[in-house]
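Data block below; observations after.
The values are calculated or read from the model by the stated rules, or taken from the named source; none is laboratory data. Since this is a predicted model, take the numbers as computed values, not measurements. Cβ coordinates were reconstructed from backbone atoms using ideal geometry, including for glycine residues, and neighbour counts include every protein chain displayed. The area values use the complete protein model at the heavy-atom level, side chains included, leaving out ligands, DNA and RNA. Shrake-Rupley method; radii C 1.70, N 1.55, O 1.52, S 1.80 Å.
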Amino acid sequence: MKKIYTKLLCFAVASSFVACDDFLSEYSQDMVIAKTVTHLDEVLLGSVYVPSYGVTAPDGQSVCGFLNILDDDINTAKGTVGSHKIPQHPHDILFNNFGYFAWQQEVGYNLDGSSKLDDDITWNDMYKRINYVNVILDEIVDMPHTTDEDLAAYYRVQGEAHFLRAQFYLILANLYGKPYDADASKNLCVPLKLTPYVEHDNDKETQFQRATVKEIYDQIVDDLTKSVEYLTLSPQNANNRLHRASAEAANLLLSRVYLYMQEWALAETTAEEVIKSKNFSLAGLNLLGDEVNFLTQSNPEIIFSQGSNNFPQSATEGNAPLSAYTNTYCVSSDLANIYDQEKDRRFTCFFGITPELYYGYVIGQADSLGLHNKYDSPINSKSHISDVFTLRVSEAYLNKMEACAMLGHTEEANDLLNKLRNQRIDDYTNESYTVEELVSQIRDERRKELCFEGHRWFDLRRYSVNELYPYSKRIVHVYNVANDKGYHQKTQTYVLEEHDQAYTFAIPQNVLNFDKVPMETNPRPKRVSLESLQEEEVEDKE
């Protein structure tokens, strides 16, 4: 048997498009040799699952840390605030995330172009973890599994590995590939790597080719189908369910994938499998009170979570007085206005008090102001619930009701929508919508329920190619610029148009630079502020 850690170390580096020649020729003689499924389980836990770091600011330097600052649910305060200082400095949250927030051609650059963050952190991290999975699945077939205990672990480790590879590929596909549509077999996505060995040919000018969107999705479906099978044969221990994959987690992710593929009947049946589970249930109104954090480890809705929570700290710059800051993120008024702000408990539970100073609504973090957060993730503590990788039961209801609506099963879709709303809204009266109204209501409900959980950007992408009810929108982000002394100087406005090419990221530059002949990238336009365009128009007229 080959030394598992030698293979993993070498393969992880190669997968990040970095040379691995030294590892190919020799390895340390005291490396641990994987001899049992338990050893592979330890590799899975230590090198494949995304760890829960402390609460961090959203940026390109943490895995998917930028995902919740791309869409129409987020904005910043708009306009001048007198003498209040804006904490604008080289390490400022918004300053360094400018490229993501303003949908720039090169997302790593800050506002003035004085520094550039690597734009390949998420790409490299995902592929590194995928490659560990590839090795684990290759090695595990040789592991002994004759006892009942070993056999259970043999199935469970495979189930978790297939789930994780699917989740990582789904994220990559929705960042770097077009949404799944009729041209999925033609449109390029990301490289598909399933082999456990290093693939590097010095004679090749391009080492890696991009697979099609369909090829990636077919692999994701295959992985999740196998994951459900294995994790049904060997169910997850109840004590491990929150941070390790289960059959319910695999089915829920599979129902989401089928939604993205517009395979409505399959989305409905897989979501129903999750809803039927006795291990998880919708949270009641008591978990949406003014003094209650919603997404905690004790929430009965949460099926699975891995990774850190990137977003909450940046929403209010920690515990500083909110009135002193205008360039931190806040909830857009576009999102806030679709809630019933008096009766929908999510509004006050998720977002808290609304200072008039702000362009939108502030996501609560400062306890001194009576603000509360959707997440239970205090500053400088370990995060238990991720803002990107979390799966919960309410999504199963939303997935199924959307699939039912698309299939014309309006009665069942209305029933599911009313059931969810009764667990969220005080004194709610059941509604009955026609199919077109129903689709719109379900999309709004999904937005309200799953905001800042890594869904909205991907949902907007797939809505734009929906065959029955296509939808795309213009998004506006405002950005406050400070002078050298840290005071407000001007406000810049950036626009993402309908069906904009920036809904798909360009392949990271470091990846393109790896080959003599770079793989094909995605077109992504240059973007300037509306104010700059207006200034150019004035100059042209003069």
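Filter the range 244-279 down to residues that are open to solvent by 20 Å² or more (accessible area, probe 1.4 Å) and in contact with a strand residue (DSSP E or B) (Cβ under 7 Å, 6 or more places away or on another chain), then give me how many there are. Selection size over the range 244-279: 1. Considering every residue within the range 289-296, establish whether at least one is hydrophobic (A, V, I, L, M, F, W, C) and crowded, with 17+ Cβ neighbours inside 10 Å. Yes - at least one qualifying residue is present in the range 289-296.
State all residues of the range 184-232 that are in a loop (DSSP other than H, G, I, E, B) and of a type in the set (Ser, Thr, Tyr); if no residue qualifies, say none. Listed by number, the residues that qualify are Ser185, Thr195, Tyr197, Thr206. Applying the criterion of being open to solvent by 70 Å² or more (accessible area, probe 1.4 Å) and of a type in the set (D, E, K, R) to the residues of the range 219-242, the residue that is nearest to the chain's Cα centre (by Cα) is Lys226. Considering only residues in the range 154-183 that are outside any helix (DSSP H, G or I) and under 21 Å from the mean Cα position of the chain (by Cα), the one that is farthest from Arg462 (Cα to Cα) turns out to be Gly177. Scanning the range 92-144 for residues that are outside any helix (DSSP H, G or I) and among the small types (Gly, Ala, Ser) yields Ala102, Gly108, Gly113, Ser114, Ser115. Checked against (1) modelled with pLDDT of 95 or more; (2) open to solvent by 40 Å² or more (accessible area, probe 1.4 Å); (3) part of a loop (DSSP other than H, G, I, E, B), Leu151 passes all but a single condition, namely (3). Residues that are in contact with a Phe, Trp or Tyr (Cβ under 9 Å, 6 or more places away or on another chain), under 17 Å from Ala506 (Cα atoms) and either open to solvent by 30 Å² or more (accessible area, probe 1.4 Å) or not β-branched (Val, Ile, Thr) (or both) within the range 193-218 comprise Phe208, Arg210, listed in sequence order. Number of residues in the range 422-468 that are surrounded by fewer than 14 Cβ atoms within 10 Å (Cβ to Cβ), part of a loop (DSSP other than H, G, I, E, B) and either touching a residue at least 12 places away in the same chain (Cβ under 8 Å) or not polar (S, T, N, Q) (or both): the value is 8. Does Ser472 satisfy the criteria of being within 20 Å of Tyr260 (Cβ to Cβ), in contact with a His (Cβ under 9 Å, 6 or more places away or on another chain) and either free of Cβ contacts under 8 Å to residues at least 60 places away in the same chain or not small (Gly, Ala, Ser) (or both)? Yes, satisfied.
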